[in-house]
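Inspection log for the structure reproduced underneath, given as structure tokens.
The values are calculated or read from the model by the stated rules, or taken from the named source; none is laboratory data. On a predicted model such as this, the values are computed, not experimentally measured, just so you know. No Cβ is skipped: glycine too gets one built from the backbone with ideal geometry, and neighbour counts run over all protein chains shown.
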Amino acid sequence: MNPKLSIITIVYNGEALIEGTILSVLCQSYANIEYIIIDGKSTDNTMKIVGKYSERIQKVISEPDKGLYDAMNKGLAIATGEYVWFMNCGDWIYDRDTVKQMFSDHNDESVIYGYCMMVDDDRKEIGLRSEITPHKLPKQLNWKDMARGMVVSHQSFVPKRNICPEYIEDNICADIDWVIRILKKSNSVSFQNYPISAFLVGGVSKARHKESLRDRYKVLQVHYGWLPNLLNHGYIIIRGIFHKYIFRRKKASY
């Protein structure tokens, strides 16, 4: 089975990072990939770098957008693959055989997902997200697992295109909502017991932390109800405090 995979990269003024992302896609040993780049009309050298690889990129759009999720919706609208995977500027597919291995390890499930390796600005591995954060990745992921936060990394979540909704565009935690809605529609999932993406630590949610907390609360309340959501966020706060304490203890013992 060699299903077509649409890989979508969103970028705006990403000249320092875009080439690494592009190369991680173009080096894949799996052939049936449609690569799409959606640029928000960058004013730096991003499009010059994209142009170096234009013959190997199937679709490129460069125009102003209304933000990250508007751009992601544009990518979804033109994707033609059976599966879609967002690998945004600064993110990498973990290694050249990742896609080939993913599709050899699954049996037409609605969603493929795996671990995410967190890296620093020098691409040095910090560790698996599920090991260094409180978000433990379930082996049989379902929408109820998301009640206490984003347990699966967006960069390591590959759904069938026909169950993908549009992203909501007025919430910076729209990725959580998107994943939950897909999991509600999915019939089966395929867990990959290895990292399938590398995530550059940082991003919009870290830069706008308070807003992301508020927006996450709104998203989870829609899906789980106000009382369970209130109780779950109490748990999230306690879990976060405990995790920081354990992390500091580990650092102090080195």
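Could you tell me which of the residues Asp91, Asp120, Asp108, Asp95 is closer than 25 Å to Glu15 by Cβ, surrounded by fewer than 22 Cβ atoms within 10 Å (Cβ to Cβ) and in contact (Cβ under 8 Å) with a residue 60 or more places away in the chain? Can you show your working first?
Values: Asp91 fails: surrounded by fewer than 22 Cβ atoms within 10 Å (Cβ to Cβ); Asp108 fails: closer than 25 Å to Glu15 by Cβ; Asp95 fails: in contact (Cβ under 8 Å) with a residue 60 or more places away in the chain.
Unique residue meeting the criteria: Asp120.
Kindly provide the set of residues from region 62-73 that are within 18 Å of Ile172 (Cβ to Cβ) and of a type outside the set (Ser, Thr, Tyr), ordered by number.
First, pick out the residues of region 62-73 that are within 18 Å of Ile172 (Cβ to Cβ): 65-73.
Matches in region 62-73: Asp65, Lys66, Gly67, Leu68, Asp70, Ala71, Met72, Asn73.
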Next item on the list: Report whether or not Ile61 is hydrophobic (A, V, I, L, M, F, W, C), over 16 Å from Leu17 (Cα atoms) and buried (at least 20 other Cβ atoms within 10 Å of the Cβ).
Entry: no
Margin query: Given the criteria of a type in the set (D, E, K, R), at pLDDT below 95 and in a loop (DSSP other than H, G, I, E, B), does Asp215 qualify?
Written below: no
Notebook entry, point to check: Would you pick out the residues in region 1-27 that are over 18 Å from the mean Cα position of the chain (by Cα) and not charged (D, E, K, R)?
Noted result: Met1, Asn2, Pro3, Asn13, Ala16, Leu26, Cys27
Next item on the list: Take region 11-49 and flag every residue that is closer than 20 Å to Asp120 by Cα and part of a strand (DSSP E or B).
Entry: Val11
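State whether one or more residues within region 179-202 are at pLDDT below 85 and surrounded by fewer than 18 Cβ atoms within 10 Å (Cβ to Cβ). Break it down into steps so the answer makes sense when it comes.
Narrowing region 179-202 to residues at pLDDT below 85: 201-202.
Adding the requirement that they be surrounded by fewer than 18 Cβ atoms within 10 Å (Cβ to Cβ) leaves 201-202.
Yes: region 179-202 contains one or more residues that are at pLDDT below 85 and surrounded by fewer than 18 Cβ atoms within 10 Å (Cβ to Cβ).
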Next item on the list: Please state which of the following conditions Met72 fails to meet, knowing it meets all the rest: (1) closer than 30 Å to Gly225 by Cα; (2) without any contact (Cβ under 8 Å) to a residue 24 or more places away in the chain; (3) part of a helix (DSSP H, G or I).
Entry: (2)
